[in-house]
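Working notes, beginning with the structure itself.
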C-alpha cells in the first residue's frame, strides 16, 4: 500500500484485520450517503493530518485514541470509520476501540490514499 513495513508490524496488522470490521472505499462512499450517522476519525500523526484530511474527520492519532476518545460525545454503538495512510494503523486502532466496548467500528482499507484517489479528500494546498 505504499510503504515497506517490517514483518512484525505486518503480522500485528493481519491479526487485527482478522478480528475487526473493514470497509473499502466503495463501502465507505455508500456509508456517507446512506442517511445514517457516521463518525470518521483520522488516526494519522499530526503532520499527516495537517497536510490534508477528510472534511469533518475528527483527529485522534493512533497514539492517543484510547486515551482521548471518551472526551468526545461518541456512543459505544456509534458507527465509526477510522482511517490512516493505507489501512494498517487504523486496523490496529479499530481492534483497540473494539476491546474498549465500541461495537460498530470499521477500518478503511486503503485509507487516505484511497480517499485522495477517489476525490473524496485532497491534500491541503
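A short reminder: the numbers here are calculations on the coordinates, not readings from a lab. None of the values given here were measured: they were computed from a predicted structure. All Cβ positions, even for glycine, are placed from backbone atoms using ideal geometry, and neighbour counts span all protein chains on display.
Compute the relative contact order of the chain as a whole-number percentage, counting only Cα pairs closer than 8 Å that sit 6 or more residues apart in sequence.
Across the chain, relative contact order equals 32 percent.
For Cα extents along the principal axes in Å, the choices are (i) 36, 31, 29; (ii) 35, 32, 25; (iii) 51, 41, 26; which was calculated from the structure?
Entry (ii).
Given the C-alpha centroids of the range 26-48 and the range 89-116, what is the distance between them in whole angstrom?
Between the Cα centres of the range 26-48 and the range 89-116 lies a distance of 10 Å.
Once label points are set 7 Å from the Cα along Cα→Cβ at both residue 34 and residue 77, what is their separation, rounded to one decimal in nm?
1.6 nm
Tell me the mean residue ellipticity at 222 nm calculated for the chain from its helices only (DSSP H runs of n ≥ 4, each -39500 (n - 2.57), averaged over every residue, nearest 500).
Details: 6 runs with 48 residues, N = 125.
Using -39500 (n - 2.57) per qualifying helix, the result is -10500 deg cm²/dmol.
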